[in-house]
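Asker: After the structure tokens below, expect a handful of questions from me.
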Amino acid sequence: MDDLLIASICERYQRVLGQIAEAGRRSGYAPARLVVVTKSQPVDVVRAAVAAGVSVLGENYADEAAEKISALRQTAVEWHMIGHVQSRKAHLVAAHFTMLHSLDSVKLAARLDRFCAETGRILPVLLEVNVSGEESKFGFPAWDESGWPDLLPVFGSLLEFSRLRVGGLMTMPPYFENAEQTRPYFRRMRRLQEYLTNHLPQADWSELSMGTSADFLAAVEEGATYVRIGQAILGPRPVSMERA
């Protein structure tokens, strides 16, 4: 294994962990957990990340992740699915992942529940919400706060799946050069979290997965419990590995 690669990843990983801890201290929130995103990274880079101390890995594509998970089967890490999941890939998520951050439909929930029942496992999930109104973003519509009551019956139905454990929310805000511009979206997430805690108290809404390399400090300061960071720790993705 490339010792220089491990050392460089370790340095960046520790730096980001320190920044997360400091942001948490500034805001009074507990430090968020760091999900290191391995999207489009080759297996040797992922192995180096694990050797550097990374313990939670995030993937956007279920089929690509399944290959990496198989290759690193002997390592004690958590694999989190953070990207959009097509219903036909639900069996891969149910079989291979510790947690799903991006549950965005009742149809997907039903398939996940069925596959989890077949293997006897419980899958922790976060509900993906769109708090910006961007058409390019996945997630339940949550940008208009006056429409939040309409989410309650849908979210209530998701709580009925016995093999899925809802634990909170996930979002991807718009990208801005100035990360301060993302704060209103993160604050809307916290308000939605409070709204759901009051109206669907039978569920745990404590987790907020929000923030990437561009805006994770603002996300932590606004209450994120998970941040998802890739290239700032692992380096640029190989062009040959990128997907459209």
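Asker: Running a GNM on the chain with Cα contacts under 10 Å, which residue among ALA23, ALA203, ALA49 ends up with the highest mean-square fluctuation?
Answerer: Most flexible of the set in this elastic network: ALA203.
Asker: How would you order 216-225, 39-48, 113-122, 144-153 from highest to lowest mean count of nearby Cβ atoms within 10 Å?
Answerer: On the way: 216-225: 23.8, 39-48: 18.8, 113-122: 14.0, 144-153: 11.7.
So the order, starting with the most tightly packed, is 216-225, 39-48, 113-122, 144-153.
Asker: Rounded to the nearest 500, what is the chain's calculated 222 nm mean residue ellipticity when only DSSP H runs of at least 4 contribute -39500 (n - 2.57) each, over all residues? Could the numbers behind the result be given before it?
Answerer: Working: 9 runs with 103 residues, N = 244.
Helix contribution divided over all residues of the chain: -13000 deg cm²/dmol.
Asker: Need one word for the stretch 77-160: rounded, prolate or oblate. Basis is the Cα gyration tensor (sqrt eigenvalues a ≥ b ≥ c); a/c below 1.5 gives rounded, then a/b vs b/c decides.
Answerer: prolate
Asker: Please work out how much length the chain gains when fully extended from ALA21 to ARG183, using 0.36 nm per residue of separation minus the C-alpha to C-alpha distance, in nm with one decimal.
Answerer: Result: 56.5 nm gained on full extension.
Asker: A further question on this structure: Give the long-range amide H neighbours of ARG165: residues separated by 5 or more places, or on another chain, with amide H under 5 Å away, using H modelled in the peptide plane at 1.01 Å from N.
Answerer: LEU123, VAL125
Asker: Which part of the stretch 82-99 falls in the paramagnetic zone of ALA110, meaning amide N under 14 Å from the point 7 Å along Cα-to-beta-carbon?
Answerer: Counting only backbone N, you get 87-88.
Asker: So who's got an amide H within less than 5 Å of the one on SER102, skipping anything under 5 residues away but keeping other chains? H placed 1.01 Å off N, in plane.
Answerer: Those qualifying (amide H under 5 Å, at least 5 residues apart or on another chain) are LEU126.
Asker: Hey, can you grab everything whose amide H is under 5 Å from the amide H of ARG33? Only 5+ residues off in sequence or another chain; H modelled, so Pro and N-termini drop out.
Answerer: TYR226, VAL227
Asker: May I ask you to derive the FRET efficiency for LEU159 and GLN231 from their Cβ-Cβ distance with R0 = 41 Å, giving the value to the nearest 0.05?
Answerer: 0.70
Asker: Another one. Suppose we look only past 26 Å in the calculated P(r) of the stretch 3-234. What percent of the Cα-Cα pairs does that tail hold?
Answerer: That fraction is 36 percent.
Asker: Here's a follow-up. Given contacts defined as C-alpha pairs under 8 Å and at least six residues apart, what's the relative contact order of the stretch 3-234, whole-number percent? Write out the running numbers ahead of the final one.
Answerer: Values: 437 pairs, mean separation 49.0, N = 232.
Normalised by residue count, the contact order of the stretch 3-234 is 21 percent.
Asker: How long is the stretch 1-131 along each principal axis, judged by its Cα atoms, biggest number first, in Å?
Answerer: 42, 39, 24
Asker: Grab the beta carbon distance between TRP143 and GLN14, set R0 = 35 Å, and tell me the FRET efficiency rounded to 0.05.
Answerer: On the way: r = 36 Å, r/R0 = 1.03.
The calculated FRET efficiency here is 0.45.
Asker: By how many nm would the segment from GLU135 to LEU4 lengthen if fully extended, with 0.36 nm per residue of separation less the alpha-carbon distance?
Answerer: 43.0 nm
Read-outs throughout are calculated quantities, based only on the coordinates presented, and are distinct from any laboratory measurement. Please read all numbers here as calculations on a predicted model, not as lab measurements. Using ideal geometry, Cβ is built from the backbone for each residue, glycine included, and neighbour counts are taken over all protein chains shown.
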